[in-house]
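Trainee: Pasting in a structure now, in structure tokens, and then I'll have a few things to ask.
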Amino acid sequence: MTLNRGAARSHLTLKINNKLLARVLVFTASCISLAEPSLWAATLEDSPKTSGVWCQRRSAHAITKEHEWRLALSLRRITGYDALQFAPDGSLSLGDSSVVTGGSAEARRILMRAVCSRAIFVIEDYSGSGSVNFGQAAPEQVYEVRDGRSSQIWRVRLDFDDFQLMDASSEVRAAFDEGFTLFHELLHGLGYLDASRARELGPCEEIVNRVRSELGLPLRDQYFGEAWRITERLTSVRLRFRSQARNGNSTRRESHYLFFLVTEPADSSADIGAVTRVDRKSRQ
């Protein structure tokens, strides 16, 4: 399989350098203030004015109908809210939240907290972007020019193409899709951090693993991915998941793997292999 993103990626999983450790899901808290009043107004113009979870409708990164459908379908499966959908204005509607079919109670709690929080989560479509691998969250503190009112906006950028091009079993794909990536980013906006050491999973993914556990899906087993350099700019990254297969009274752990490719820009000194992260600067 080939990732058609210019000459940036080709879908290989050759293990060339097993000493290279890629940092995955790097979280660095930041707060962006827009310096020019004209930028304040422009940013507020294409952003929702009220808190909750929204699909971007008005900018160049408005989510496509197909990708919105895929995201809503994943969220219904994870939460059990069969009537969940995005309204014409982009707002997330849970339908009758008292009616659920299966799903994860933990996921429902996370989503309800995000919807009822004071933050504004704006989901943007960055499919085909070389700067986003699966997902990325960019926090902004935006001020209204006239009255000085501030809004905490989290721009959640999803690259829907990446989920189609990763190499993984059907079980891992179900445990690592658009909906699960969105949950990870919502948790960052709700104040949860990622691991800072190689052997840690981190509070954020520990919570996401509770959702996976309730759904009977493989659990994320590592926060930092293992990476192998393929070319000067191309690296294959492997993430390990685990499931429990019961045989009588004994429990055996089975490993599952997800592979994806990361292209390191020629002028980049950052860690290779970031999957989802909180960006230090706004990329409009």
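The values are calculated or read from the model by the stated rules, or taken from the named source; none is laboratory data. The structure presented is a predicted model; accordingly, all values stated were derived computationally and were not measured. Virtual Cβ from ideal backbone geometry, glycine too; neighbours counted across all protein chains shown.
Trainee: Considering only residues that are hydrophobic (A, V, I, L, M, F, W, C), part of a loop (DSSP other than H, G, I, E, B), touching a residue at least 60 places away in the same chain (Cβ under 8 Å) and under 25 Å from G179 (Cβ atoms), which ones fall in the stretch 211-240?
Mentor: L215, F224, listed by residue number.
Trainee: Same structure again: Quick check on my filter: what residues within the stretch 67-78 are touching a Phe, Trp or Tyr at 6+ places or on another chain (Cβ under 8 Å) and without any contact (Cβ under 8 Å) to a residue 12 or more places away in the chain?
Mentor: Answer for the stretch 67-78, where residues must be touching a Phe, Trp or Tyr at 6+ places or on another chain (Cβ under 8 Å) and without any contact (Cβ under 8 Å) to a residue 12 or more places away in the chain: there is none.
Trainee: What residue, among those in the stretch 85-104 that are among the aliphatic types (A, V, I, L, M) and surrounded by fewer than 13 Cβ atoms within 10 Å (Cβ to Cβ), is farthest from P139 (Cα to Cα)?
Mentor: If we take residues in the stretch 85-104 being among the aliphatic types (A, V, I, L, M) and surrounded by fewer than 13 Cβ atoms within 10 Å (Cβ to Cβ), then V99 is farthest from P139 (Cα to Cα).
Trainee: What number of residues within the stretch 189-202 are in contact with a helix residue (DSSP H, G or I) (Cβ under 8 Å, 6 or more places away or on another chain) and surrounded by fewer than 23 Cβ atoms within 10 Å (Cβ to Cβ)?
Mentor: Selection size over the stretch 189-202: 6.
Trainee: Out of V132, V53, V100, which single residue is within 20 Å of L190 (Cβ to Cβ) and among the β-branched types (V, I, T)?
Mentor: V53
Trainee: May I ask you to verify whether G273 is over 30 Å from S51 (Cβ atoms), at pLDDT below 90, in contact with a Ser or Thr (Cβ under 9 Å, 6 or more places away or on another chain) and buried (at least 16 other Cβ atoms within 10 Å of the Cβ)?
Mentor: Spelling it out, G273 is indeed over 30 Å from S51 (Cβ atoms), at pLDDT below 90, in contact with a Ser or Thr (Cβ under 9 Å, 6 or more places away or on another chain) and buried (at least 16 other Cβ atoms within 10 Å of the Cβ).
Trainee: So how many residues does the stretch 161-177 have that are within 21 Å of G103 (Cα to Cα), surrounded by fewer than 23 Cβ atoms within 10 Å (Cβ to Cβ) and in contact with a Leu (Cβ under 7 Å, 6 or more places away or on another chain)?
Mentor: Within the stretch 161-177, residues that are within 21 Å of G103 (Cα to Cα), surrounded by fewer than 23 Cβ atoms within 10 Å (Cβ to Cβ) and in contact with a Leu (Cβ under 7 Å, 6 or more places away or on another chain) number 3.
Trainee: Within the stretch 74-104, restricting attention to residues that are in contact with a Gly (Cβ under 8 Å, 6 or more places away or on another chain) and among the aliphatic types (A, V, I, L, M), which residue is farthest from V208 (Cα to Cα)?
Mentor: A83
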